[in-house]
């Protein structure tokens with residue numbers, strides 16, 4: 001993506017996700033000519049069972065870059081990831097639970113649209 005030189009928009013957004021399966025769930029799905037600044041990811045276990053999860057970025061070629069690997073989430077507890085991450089173009093922020101689970105995920109981010 002080229003450095004933006006025109007006018008665009010900048011909007012605060014929230015993605016709400018409920019995960020119950022041991023499969024990848026994309027939290028922020030990048031779009032060309034957008035820059036996403038991830039502000040926080042709040043993950044809450046709601047069923048009373050210990051869980052694990054991976055949090056990672058996938059580039060547009062599908063390569064996975066782990067932010068967190070095999071993080072333990074205790075029963076009825078919350079994990080907060082609030083380091084800033086920047087995604088460009090079609091990068092994705094994704095989570096993958098280690099097994100069947102019941103977790104709620106709130107992702108807050110800034111979407112800069114340069115289309």
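The values are calculated or read from the model by the stated rules, or taken from the named source; none is laboratory data. These figures come from a predicted structure and were not determined experimentally. Every residue, glycine as well, gets a Cβ built from its backbone with ideal geometry; the counts of neighbours run over all protein chains shown.
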Query - Scope region 57-83; condition over 23 Å from residue 44 (Cβ atoms) and either loosely packed, with under 13 Cβ neighbours inside 10 Å or more than 14 Å from the chain's Cα centre (by Cα) (or both); matching residues - result: 60, 61, 62, 63, 65
Requested in this report: Return yes when residue 15 is surrounded by 13 or more Cβ atoms within 10 Å (Cβ to Cβ), in contact with a strand residue (DSSP E or B) (Cβ under 7 Å, 6 or more places away or on another chain), under 20 Å from residue 115 (Cβ atoms) and modelled with pLDDT of 95 or more and no when it is not.
Outcome: yes
Query raised in the report: Do the conditions hold for residue 86, that is, is it surrounded by 12 or more Cβ atoms within 10 Å (Cβ to Cβ), assigned to a strand (DSSP E or B) and in contact (Cβ under 8 Å) with a residue 40 or more places away in the chain?
Result: yes
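Give the residue that is surrounded by the fewest Cβ atoms within 10 Å (Cβ to Cβ), with candidates limited to residues of region 92-108 that are in contact with a strand residue (DSSP E or B) (Cβ under 6 Å, 6 or more places away or on another chain) and in a loop (DSSP other than H, G, I, E, B).
Looking at residues that are in contact with a strand residue (DSSP E or B) (Cβ under 6 Å, 6 or more places away or on another chain) and in a loop (DSSP other than H, G, I, E, B), I get 98.
Among the listed residues 111, 54, which satisfies the condition of being surrounded by 14 or more Cβ atoms within 10 Å (Cβ to Cβ), under 15 Å from the mean Cα position of the chain (by Cα) and in contact (Cβ under 8 Å) with a residue 60 or more places away in the chain? If you could, list the steps in order and put the result at the bottom.
Numbers: 54 fails: in contact (Cβ under 8 Å) with a residue 60 or more places away in the chain.
Being surrounded by 14 or more Cβ atoms within 10 Å (Cβ to Cβ), under 15 Å from the mean Cα position of the chain (by Cα) and in contact (Cβ under 8 Å) with a residue 60 or more places away in the chain holds for just one of 111, 54, which is 111.
I'd like to check something: does region 22-33 contain any residue that is farther than 12 Å from residue 93 by Cβ, surrounded by 11 or more Cβ atoms within 10 Å (Cβ to Cβ) and at pLDDT 95 or above?
Taking every residue of region 22-33 in turn, none turns out to be farther than 12 Å from residue 93 by Cβ, surrounded by 11 or more Cβ atoms within 10 Å (Cβ to Cβ) and at pLDDT 95 or above.
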Query raised in the report: Just one of 69, 76 is without any contact (Cβ under 8 Å) to a residue 40 or more places away in the chain and part of a strand (DSSP E or B); which is it?
Result: 69
**Report entry** Which numbered condition residue 71 misses (of (1) closer than 21 Å to residue 110 by Cα; (2) modelled with pLDDT of 95 or more)
**Finding:** (1)
Report summary line: With criteria (1) under 14 Å from residue 29 (Cβ atoms); (2) outside any strand (DSSP E or B); (3) without any contact (Cβ under 8 Å) to a residue 60 or more places away in the chain, residue 48 comes up short on (1)
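Anything in region 54-68 that is within 16 Å of residue 35 (Cα to Cα) and modelled with pLDDT of 95 or more? List them, or say none.
Here is the first cut: in region 54-68, the residues within 16 Å of residue 35 (Cα to Cα) are 57-60.
Selection gives 57, 58.
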Query raised in the report: Do the conditions hold for residue 41, that is, is it loosely packed, with under 15 Cβ neighbours inside 10 Å, under 15 Å from the mean Cα position of the chain (by Cα), at pLDDT 95 or above and not in a loop (DSSP other than H, G, I, E, B)?
Result: no
